[in-house]
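Taking it in order: structure first as structure tokens, then the write-up.
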Amino acid sequence: MTLRLILIRHAKSSWSDPFADDHARVLNKRGQASAKAVGAWMAQNGYQPDVVLCSDAARTRETASLILPQLSPVPELSLSQMLYHAAPDTILDQLHQQKEKTVGVIGHNPGVGMLANALARSAPDHDRFRDYPTCATTVIDFDVGQWASVTEGMGLVIDFVVPRDLSKNSDFHGKSEGKSS
């Protein structure tokens, strides 16, 4: 059996109020457009999570609210305070508890980007994978029967995209540029 992880960093958030509570920051207009583009890309490519684990911060919840309605069926959303600025091992611990075959995670850097880099057997041929910009999304497959067996270096990167790739390819046909083979 193959398990699939769809790992998403939240879209670009607003810094219009530098004194605002970090947990309460919402997306800016570019972030909203990026999240919608990533949702369309996921739907076009059949990247359909059964459940999405999501930090309970405003910007991750808003990212989820713009991506998930584009998927059919709309996956279950599970909000967790533990995923707010979570370290890679905390995210992995949450994954280890999952029972669904395809799990999405919407979280924050540096944890999400570090986890993507740690789980990948080899990095995709894309210059933004290492720094994992806002709304970067990686699809990783694991040839194991249960999430508890997933460890570093065992994931096959199926696809990787950043919003800028989608603005270059506005028709969303096929896989994104920069995918791994």
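The values are calculated or read from the model by the stated rules, or taken from the named source; none is laboratory data. This structure is a prediction, so every number in the text was calculated from the model and none was measured. Positions of Cβ are backbone-derived with ideal geometry, glycine not excepted, and every protein chain shown enters the neighbour counts. These area figures cover heavy atoms from the full protein model, side chains too; ligands, DNA and RNA do not enter into them. Shrake-Rupley method; radii C 1.70, N 1.55, O 1.52, S 1.80 Å.
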Given a Förster distance of 30 Å, the FRET efficiency implied by the Cβ-Cβ spacing of Asp131 and Asp50, rounded to the nearest 0.05, works out to 0.55
Quarter of the Cα convex hull surface for the chain, i.e. its orientation-mean projected area (nm²):
9.3 nm²
What order do Ile158, Ile67 take when sorted by accessible area (1.4 Å probe), most exposed first?
Ile158, Ile67
Heavy-atom accessible area per residue of the chain, all protein chains kept, 1.4 Å probe, expressed in Å², is 46 Å²
Mean separation of Cα contacts under 8 Å, 6 or more apart, over the residue count of the chain: relative contact order %:
29 percent
Name the residues of segment 89-131 whose amide N is less than 14 Å from a point 7 angstrom out from the Cα of Thr151 along the C-beta direction?
119
Give, in nm to one decimal, the length gained when the segment between Thr2 and Ala118 is fully stretched (0.36 nm per residue of separation minus the Cα-Cα distance).
39.9 nm
Considering only DSSP beta bridges where both residues belong to segment 1-133, give the percentage that are antiparallel (nearest 5).
5 percent
Determine, from the Cβ-Cβ distance of Ser14 and Asn109 and an R0 of 22 Å, the FRET efficiency 1/(1 + (r/R0)^6), rounded to the nearest 0.05.
0.85
Ignoring ligands, DNA and RNA, please state the percent of accessible area on segment 1-81 from carbon and sulfur, probe 1.4 Å.
52 percent
